[in-house]
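The values are calculated or read from the model by the stated rules, or taken from the named source; none is laboratory data. Predicted model only: the values in this text are computed from it and were never measured. Counting neighbours? That spans all protein chains shown, and the Cβs are built from the backbone with ideal geometry, glycine included.
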Amino acid sequence: MIHLTNISKQHGSQILFTDASLQILPGIRTGLVGPNGAGKSTIFRLITGEEEADRGEISCSKKTVIDYFSQEVGDMAGRSALEETMSAVSEVVALAKDIQEMEAAMAQPMTDDALAALLERYGNAQEEFEHRGGYDLETRAQSILTGLGIGPDEYNRPVESFSGGWKMRIALAKILTINPDVLLLDEPTNHLDIESILWLEEWLKNEFKGALLMTSHDRTFMNSIVSRIIEVTNKTVTTYGGNYDFYLREREIRRTNLLASFRRQQEMLAKEEDFIARFAARVSHAAQVQSRIKKLEKIERIELPPEQKIMRFEFSDPPRSGDDVVAMEGLSKSWTLEDGSEKRVFSGVSGMIRRQEKIAVIGVNGAGKSTFLKVLAGKTEPTSGTVTLGANVAVGYFSQHSMDVLDGRRSVFETVQEVMPQAHIGTIRNLCAAFLFQGDDADKRISQLSGGEKSRVVLATFLARPLNFLILDEPTNHLDMQSREILLEALKRFTGTVILVSHDRHFLHSLVDHVMEMDQGEMRLYGGDYGYYLRKSTALKA
């Protein structure tokens with residue numbers, strides 16, 4: 001369907017890949033993985049024609065419809081949510097108009113040759129219209145919007161009134177409504193809650209029939225959908241048959257085998273070079289020396305790829321808190337709207353969070369999860385009820401807002417130093433390096449950092465303080481898959497108490513031992529892990 005053959009691409013002095021080849025095959029779902037900056041987005045842009053390869057060939061059938069969802073939403077204004085979604089299929093709407101005009105033309109007298117030509121065009125147009133799902137466009141657009149959390153009561157809401165995260169959903173709905181032959185998705189689960197992620201997962205598996213190439217930091221989502229992985233790293237592109245978990249195992253096997261081959265070759269080279277060095281001056285061994293020199297010149301040297309940098313850290317043992325960390329009694333929160341009315345977020349929450357519990361707060365977007373965490377962290381006052389911290393509880397609160405309040409004028413080093421002013425410079429630099437800010441990178445200004453880098457800075461400041469109660473609102477949002485795994489392992493070893501909101505199901509399955517579900521302002525407590533919650537909540541809703 002789409003073939004990239006012997007592609008080379010360079011951005012400035014950075015070589016992304018050399019003589020790389022990959023294929024996008026009909027109906028095959030492929031995951032695109034690799035470290036940030038390796039060239040994943042460049043591959044998307046090469047396929048869409050936004051960029052050209054320095055060398056190599058890109059071939060694709062002219063009739064192949066390709067659509068690309070990226071994190072760049074663009075301007076949205078002047079339409080309703082449904083109209084904005086339908087705008088993506090304007091060509092199909094135009095095709096419907098052409099079909100109507102051809103049907104009207106058929107009722108008029110014409111020559112046999114003209115009628116034959118018209119019938120051929122009409123048949124092609126109908127085939128294309130049906131292929132693009134033209135007979136149920138509006139129904140499909142409505143269904144997709146609803147699946148992504150924008151219900152019928154919001155179809156006609158002006159698109160400019162939606163927040164950035166909800167505009168991302170509308171942009172995704174536009175791409176899905178097109179029903180292309182090849183779907184390119186760059187982090188489609190960002191800004192989605194678990195319900196919307198599950199809907200998208202099912203839609204891609206059961207409704208979409210085309211080829212898919214996607215990036216995602218959601219391990220469970222990736223494993224559920226893809227049957228092939230394309231890895232972009234170290235200037236090469238490698239294809240693996242299987243899902244993400246298979247890729248991790250296979251990559252480790254290949255690296256182990258490569259390392260063994262490298263060591264064997266190094267031993268052989270050392271022996272040959274030692275022989276040459278010892279007998280180079282002896283006339284009696286001249287022929288053997290020359291033979292071995294030629295042999296070494298012909299050998300293709302095995303090169304080991306550099307180790308990929310990942311976050312490596314763990315929390316130091318925090319001071320012990322009391323067994324009762326947080327007591328909640330009749331807790332409720334309401335917001336006062338512009339018209340003076342009250343909107344209830346949640347109410348009647350009572351209970352106890354105990355030492356070393358790891359709790360997930362679950363619920364659809366807008367259910368009040370983040371507000372609940374803010375109340376626990378003391379960032380906003382409850383409307384009624386009380387939150388009482390236990391003895392010796394030291395609270396750390398992480399949210400996307402935490403990144404916003406970083407001082408853009410400070411460097412990474414200065415930001416970390418501020419929370420550990422008594423530490424030696426070497427200690428601070430080691431901590432920065434653990435979060436991938438090595439050497440001059442530690443002197444970068446916060447204003448120059450990406451969202452993922454800012455997230456790592458905030459997590460580094462957590463590590464620098466003696467906290468025993470972590471309140472985490474979407475801590476994995478801007479982290480790549482490897483960094484998520486490192487954070488997960490650190491939190492599993494953390495001996496304090498954790499309560500968090502996350503849409504990463506792998507993270508939840510692996511970490512939490514209790515679940516609080518927020519549903520229509522009410523809180524349900526589940527005294528078990530995430531799997532237990534899924535079984536119980538499914539039974540309750542059945």
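Does the stretch 203-226 hold any residues that are acidic (Asp, Glu) and touching a residue at least 24 places away in the same chain (Cβ under 8 Å), and which are they?
First pass over the stretch 203-226, keeping only residues acidic (Asp, Glu): 207, 218.
Within the stretch 203-226, just ASP218 meets the criteria.
Filtering GLY366, GLY322, GLY348, GLY385 for residues that are over 27 Å from THR476 (Cα atoms) and assigned to a loop (DSSP other than H, G, I, E, B) leaves a single hit, GLY322. Applying a threshold of 6 Å to beta carbon distances and a minimum spacing of six or more residues, or different chains, the list of pairs starting in the stretch 173-202 at a residue that is over 22 Å from THR139 (Cβ atoms) and modelled with pLDDT under 90 and ending at one that is outside any helix (DSSP H, G or I) and among the β-branched types (Val, Ile, Thr) reads ASP193/VAL364. In this structure, ILE229 qualifies as touching a residue at least 40 places away in the same chain (Cβ under 8 Å) and hydrophobic (A, V, I, L, M, F, W, C).
Restricting attention to the stretch 430-473, the residues that are in a loop (DSSP other than H, G, I, E, B) and over 24 Å from ARG354 (Cα atoms) total 7.
Hand me the list of helices (runs of 4 or more DSSP H) wholly inside the stretch 206-316 holding 2 or more residues that are surrounded by fewer than 12 Cβ atoms within 10 Å (Cβ to Cβ). Hits in the stretch 206-316: 244-279, 286-298. Of the set (1) closer than 20 Å to ILE24 by Cβ; (2) out of contact with any helix residue (DSSP H, G or I) (no Cβ under 6 Å at 6 or more places or on another chain), all apply to SER216 but (2). Which of the residues belonging to the stretch 489-542 are under 22 Å from VAL393 (Cα atoms) and aliphatic (A, V, I, L, M)? Of everything in the stretch 489-542, those that are under 22 Å from VAL393 (Cα atoms) and aliphatic (A, V, I, L, M) turn out to be ALA490, LEU491, VAL498, ILE499, LEU500, VAL501, LEU511, VAL512, VAL515, MET516. Restrict the check to the stretch 484-492 and report whether at least one residue is modelled with pLDDT under 95, surrounded by fewer than 22 Cβ atoms within 10 Å (Cβ to Cβ) and part of a loop (DSSP other than H, G, I, E, B). No, the stretch 484-492 contains no residue that is modelled with pLDDT under 95, surrounded by fewer than 22 Cβ atoms within 10 Å (Cβ to Cβ) and part of a loop (DSSP other than H, G, I, E, B).
Please find, within the stretch 517-542, the residue that is modelled with the highest pLDDT out of those that are more than 25 Å from the chain's Cα centre (by Cα) and crowded, with 20+ Cβ neighbours inside 10 Å. Only one residue fits best here, namely TYR526. Hey, any hits in the stretch 332-342 for a residue that's surrounded by fewer than 17 Cβ atoms within 10 Å (Cβ to Cβ) and within 24 Å of LEU479 (Cα to Cα)? Looking for residues that are surrounded by fewer than 17 Cβ atoms within 10 Å (Cβ to Cβ) and within 24 Å of LEU479 (Cα to Cα), one finds none in the stretch 332-342, hence no. In a residue-by-residue description of the stretch 49-56, the property of being closer than 23 Å to ASN223 by Cα and in contact (Cβ under 8 Å) with a residue 24 or more places away in the chain applies to no position. Within the stretch 138-160, the set of residues being over 18 Å from LEU204 (Cβ atoms), in contact with a Ser or Thr (Cβ under 8 Å, 6 or more places away or on another chain) and either buried (at least 16 other Cβ atoms within 10 Å of the Cβ) or small (Gly, Ala, Ser) (or both) comprises TYR155, VAL159. Going by the conditions given, is GLY348 within 36 Å of the chain's Cα centre (by Cα), within 30 Å of MET481 (Cβ to Cβ) and of a type in the set (Gly, Ala, Ser)? No; evaluated as a whole, the condition is false for this residue.
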